[in-house]
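Novice: Before I ask anything, here is the structure I am working with.
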Amino acid sequence: MKVSRNLWAVTSLALALTLTAACGGGSGSGDAGASGDSGSVTYAGFGGTGQEAIAKAWLDPYGKESGVRVVQDNPVTYAKIHQMVDAKNVTWDIAQGGVDFGLEGNPRLEDIDCSVVACDDYADGPFKVYKQGVPLFVFSIVLAYNTDKFGGNPPKNYAAFFDTAKYPGKRAIDGTAGFQGILEAGLMANGTPRDKLYPLDVDAALKLLEPIKDDLIVFKDAAECINLVSSGEAVMGNCYNGRVKLAKDEGQPIDNTWGQQIYLCDYLFVPKGAKDKANAMKLIAYIAKAANNGKITEYIPYGPANPKATASGTYAADAPTAHQLEGEDAPIVMDSAWWNANMEKAIEKTTAWLAG
């Protein structure tokens, strides 16, 4: 769930959020059609169950429909993209990642062709199309809780994270990304309106965490969050929704509330100098197309990023986008521009606060 892979370990974070779309409208047909020069395209993801779901939902069907050979690779690292592009030896045509890579004016990325990709579909959604990136799917950091501890009185939203009187016990918190999302949730619980959260007052948010500091258990890996909560060592924690669902299905005493879930989104982008740029744009168009984007929920509990898409299949009811509550419980969508500019300072402050 950084606005980087630290937050998207389950998809194997986000992060992604709400800058204005830089692409103009296009036809957005997204149909698998004639192949590019080489008749192939290479997709680089993060591996694991996330990439397996992507392959089943989009990569394999696109290959069958178009006749284009889809090659997969993993794991994505920004360092490798830098190396490929700078050496003019680019072997990936599409890469999966977050907005922290820089999707506006990045010299190492190609511009998205909005005459091929349905960029306008995203105009009213929580995640916009960037000049060099297209939203892939939505996942979230949710407030997970141990069902044995709270029974019929579970927490409703992240305000419970700060209420140790009503909900006593330890809290698991991600210590790798400057307390992203938790800072926003804390300020909201203290009365800050959503539209007044940014620029984020990190110092003020940390003061709100001070009363529960001794109740925090800091983790550095997404799997730790599930282990801490399901074991009861922590009564609640900010965990990835997909991991909570998996643990719950395995019979572990864990569930989550959807109130104030912290929305995250992975993006697709094309490295500069990609050998199969034409096929890359066609595959992105296929994935982004409203008729196709919701197919991810057939294989994993992530939601479509295209607001015009409809989730379908096994995990449709467990996708973050199926729980868009209103009012104070509405999803928290972080300001990616602010976080990208202030991530290092936020991490410095939260690290010093933990050590103090």
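Novice: Give K349, K295, K345 a once-over and let me know the one that is in contact with a helix residue (DSSP H, G or I) (Cβ under 8 Å, 6 or more places away or on another chain) and over 27 Å from E210 (Cα atoms).
Specialist: Within the list K349, K295, K345, the selection yields K295.
Novice: Okay, next question. Considering only the stretch 288-299, I want to know if a residue exists there that is open to solvent by less than 50 Å² (accessible area, probe 1.4 Å) and under 26 Å from G178 (Cα atoms).
Specialist: No, the stretch 288-299 contains no residue that is open to solvent by less than 50 Å² (accessible area, probe 1.4 Å) and under 26 Å from G178 (Cα atoms).
Novice: Cβ contacts < 7 Å: first residue of a type in the set (G, A, S), restricted to the stretch 52-78; second residue buried (at least 18 other Cβ atoms within 10 Å of the Cβ) and modelled with pLDDT of 95 or more, any location; separation 6+ or different chain. Result?
Specialist: Close Cβ pairs (under 7 Å, with a partner that is buried (at least 18 other Cβ atoms within 10 Å of the Cβ) and modelled with pLDDT of 95 or more) amount to A53/I296; A53/Y299; A53/I300; A57/K295; A57/I296; A57/Y299; G63/V70.
Novice: Among the residues of the stretch 90-110, is any part of a helix (DSSP H, G or I), over 23 Å from A322 (Cα atoms), open to solvent by 10 Å² or more (accessible area, probe 1.4 Å) and modelled with pLDDT under 95?
Specialist: yes
Novice: Being charged (D, E, K, R) and more than 28 Å from N306 (Cβ to Cβ), is that true of even one residue in the stretch 91-107?
Specialist: No, there is no match, as no residue in the stretch 91-107 is charged (D, E, K, R) and more than 28 Å from N306 (Cβ to Cβ).
Novice: So, one more: Can we say G178 is at pLDDT below 95, open to solvent by 60 Å² or more (accessible area, probe 1.4 Å) and in a loop (DSSP other than H, G, I, E, B)?
Specialist: no
Novice: Taking the stretch 191-204 on its own, how many of its residues are under 21 Å from L354 (Cα atoms) and either assigned to a helix (DSSP H, G or I) or more than 22 Å from the chain's Cα centre (by Cα) (or both)?
Specialist: Total satisfying the criteria: 4.
Novice: Okay, moving on. Tell me which residues, restricted to the stretch 56-70, are surrounded by 18 or more Cβ atoms within 10 Å (Cβ to Cβ) and in contact with a Phe, Trp or Tyr (Cβ under 9 Å, 6 or more places away or on another chain).
Specialist: Listed by number, the residues that qualify are A57, W58, L59, Y62, S66, V68, V70.
Novice: Taking into account only those residues within the stretch 45-89 that are among the acidic types (D, E) and in a helix (DSSP H, G or I), which is nearest to I287 (Cα to Cα)?
Specialist: Here the answer is D60.
Novice: Here is a check on your reading of the model: is G259 small (G, A, S) and either open to solvent by 40 Å² or more (accessible area, probe 1.4 Å) or in contact with a helix residue (DSSP H, G or I) (Cβ under 7 Å, 6 or more places away or on another chain) (or both)?
Specialist: yes
Novice: Hey, any hits in the stretch 205-217 for a residue that's modelled with pLDDT of 95 or more, out of contact with any Phe, Trp or Tyr (no Cβ under 6 Å at 6 or more places or on another chain) and outside any helix (DSSP H, G or I)?
Specialist: Yes, the stretch 205-217 contains a residue that is modelled with pLDDT of 95 or more, out of contact with any Phe, Trp or Tyr (no Cβ under 6 Å at 6 or more places or on another chain) and outside any helix (DSSP H, G or I).
Novice: Pull up the stretch 305-340, narrow it to residues that are of a type in the set (S, T, Y) and buried (at least 19 other Cβ atoms within 10 Å of the Cβ), then point me to the one that is modelled with the lowest pLDDT.
Specialist: Looking at the filtered set, the residue picked out is S336.
Novice: For the stretch 169-185, does any single residue satisfy the condition of being small (G, A, S) and in contact with a Ser or Thr (Cβ under 6 Å, 6 or more places away or on another chain)?
Specialist: Within the stretch 169-185, one or more residues are small (G, A, S) and in contact with a Ser or Thr (Cβ under 6 Å, 6 or more places away or on another chain).
Novice: Moving to a separate point now. Got a number for residues in the stretch 129-172 being open to solvent by 40 Å² or more (accessible area, probe 1.4 Å) and part of a loop (DSSP other than H, G, I, E, B)?
Specialist: 12
Novice: Could you check P75 against (1) under 20 Å from Y299 (Cβ atoms); (2) of a type outside the set (K, R); (3) open to solvent by 60 Å² or more (accessible area, probe 1.4 Å); (4) at pLDDT below 95 and say which number it fails?
Specialist: (4)
Novice: State which residue is nearest to Q180 (Cα to Cα) when the search covers only the stretch 220-268 and only residues that are among the basic types (K, R) and not in a loop (DSSP other than H, G, I, E, B).
Specialist: Among those that are among the basic types (K, R) and not in a loop (DSSP other than H, G, I, E, B), it is R243.
The values are calculated or read from the model by the stated rules, or taken from the named source; none is laboratory data. Given the structure is predicted, the values throughout are model-derived calculations rather than measurements. Cβ atoms come from the backbone with ideal geometry, glycine included; neighbour counts cover every protein chain shown. Note: accessible area is taken over every heavy atom of the protein model, side chains too, but ligands, DNA and RNA are not part of it. Shrake-Rupley method; radii C 1.70, N 1.55, O 1.52, S 1.80 Å.
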